[in-house]
Amino acid sequence: MRLTRWICGLTVAAASGCSSSLTAPPNGLPVRVSLVAFSNDGLPSVAAAGDSVAVVAANPNNPCASHPTVVAGLHSGSLIMTLSTAIATRPCPVLAIPTALSVTVHDVPSGTRAARLVLRTVNAGKTEESTLASTTITLP
């Protein structure tokens, strides 16, 4: 019986290590998110300067979603910015005002790396992730 529990535990641990999805968003870098006026021209836009990276991407505009919270960190050498939002179970407005999201990360280490803006949505206990912007950046 002990051997069976040990093997089951080992199998679960090994399987969770094979998941391609992030189990918890990387964090540790100072970051902020804000809504900006909508413009489809040139979105998504990624700019890197000094020790900062700024991303502007179209807001998915789910009128039932909460205002996103944001964390940013390095994962396997890549800069991952994660917007997290939850879909409300309460009645919500029908109309969504078109906006874009502006995410700015500071204190990013110098070098060339992949940068990705991920939208993490929780709806009825299920978590879905989608990439809003992805590119390679270089910081001095």
key: Cross-chain or 6+ apart pairs with Cβ under 6 Å, region 124-135 first and touching a residue at least 60 places away in the same chain (Cβ under 8 Å), then outside any strand (DSSP E or B) and surrounded by 11 or more Cβ atoms within 10 Å (Cβ to Cβ)   = Ala133/Pro44
note = Output for Cβ contacts, cut-off 6 Å, separation at least six or different chains, first residue under 15 Å from Leu132 (Cα atoms) in region 63-89, second modelled with pLDDT under 90 and of a type in the set (A, V, I, L, M), reads Thr85/Ala65
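I'm trying to understand the selection: among the residues of region 107-128, which are loosely packed, with under 14 Cβ neighbours inside 10 Å and either among the small types (Gly, Ala, Ser) or in contact with a Leu (Cβ under 9 Å, 6 or more places away or on another chain) (or both)? Don't jump to the end; show me each part of the working.
Our first condition is that a residue be loosely packed, with under 14 Cβ neighbours inside 10 Å; within region 107-128, this holds for 107, 109-112, 124-128.
Hits for region 107-128 are Asp107, Pro109, Ser110, Gly111, Thr112, Ala124, Gly125, Glu128.
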task = Report yes if Ala24 is part of a loop (DSSP other than H, G, I, E, B), modelled with pLDDT of 70 or more and not polar (S, T, N, Q), otherwise no.
result = yes
query = Residues of region 129-140 being more than 17 Å from Gly42 (Cα to Cα), more than 12 Å from the chain's Cα centre (by Cα) and exposed (fewer than 14 other Cβ atoms within 10 Å of the Cβ), which ones?
reply = Thr138, Pro140
message = Which numbered condition in (1) loosely packed, with under 15 Cβ neighbours inside 10 Å; (2) modelled with pLDDT under 95; (3) part of a strand (DSSP E or B) is the only one that Ser102 fails?
response = (1)
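Here is a yes/no grid of residues against (1) exposed (fewer than 13 other Cβ atoms within 10 Å of the Cβ); (2) at pLDDT below 80; (3) part of a loop (DSSP other than H, G, I, E, B); (4) not hydrophobic (A, V, I, L, M, F, W, C):
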{"position": "Leu3", "(1), (2), (3), (4)": "yes, yes, no, no"}
{"position": "Leu43", "(1), (2), (3), (4)": "no, no, yes, no"}
{"position": "Asn62", "(1), (2), (3), (4)": "no, yes, yes, yes"}
{"position": "Val70", "(1), (2), (3), (4)": "no, no, no, no"}
{"position": "Gly73", "(1), (2), (3), (4)": "no, no, no, yes"}
{"position": "Leu95", "(1), (2), (3), (4)": "yes, yes, yes, no"}
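The values are calculated or read from the model by the stated rules, or taken from the named source; none is laboratory data. A quick note: this is a predicted structure, and the numbers were derived from the prediction, not measured. Note: ideal-geometry Cβ built from the backbone for every residue, glycine included; neighbour counts use all protein chains shown.
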